[in-house]
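The values are calculated or read from the model by the stated rules, or taken from the named source; none is laboratory data. Every value quoted in this text rests on a predicted model; they were computed, and no experiment measured them. The accessibility values were calculated without ligands, DNA or RNA, using every heavy atom of the protein model including side chains. Shrake-Rupley method; radii C 1.70, N 1.55, O 1.52, S 1.80 Å.
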Amino acid sequence: MQKVVYWAFFFIVIALTLLIDQVTKTWIVNNMMMYETRVPIPALGDFFRITRSFNTGAAFGIFADASDIFLVIAVVVVVVMLFFYPRIPHGQWLLRFGMGLIVGGALGNAIDRMVYGHVVDFINYRIPNVLSNVSNLADHAITGGVILILIDNILQERRARRQKPQVTGALPDAPADTDPTP
């Protein structure tokens, strides 16, 4: 029964991530022109905007026009995650959640590549005169998933260190009733 709960949790996280990602991208494609920008929170307009954009490469526009390669990478990531998921130890919900976010995000961007030939981006974070990055919710899910996996790894290492007996480096005392002389 526990395995069913784990798999159900995994697929629910994937489905919700994929649903939210695809709904937001569909709204953007249907309601904004390419490169159109909107400022949803005027007080944050210099730092956060909605800008319809696209990406044929990887994060931050690197490896432009490599959409097919990243589609293959997404499929490989999903297959690897499906292979390792049943091997996660009991109770590691943070790791399970992180893996679900990564798979959902990878599938969201893979769908974009198949439907549009590129990834739909629209979340524009800016540091004026320094950086402007446009991404999407799938990218954020992947990033969040990786962060959760790293946090889970740190927590597991701490637990393992607490459970491991401490070695002081001192030699054990010799029994008092032994005589070292022959």
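Here are a few things to note about the model shown:
- Probing with 1.4 Å while keeping every protein chain in the model, the per residue accessible area of the chain equals 65 Å².
- Each stretch of four or more DSSP H residues adds -39500 (n - 2.57); spread over every residue of the chain, this sum gives -19500 deg cm²/dmol at 222 nm.
- Per residue, the convex hull spanned by the Cα atoms of segment 33-130 measures out at 134 cubic angstrom.
- Segment 36-151, accessible surface, carbon-and-sulfur percent (1.4 angstrom probe): 72 percent
- Cα convex hull of the chain, projected area averaged across orientations, nm²: 19.6 nm²
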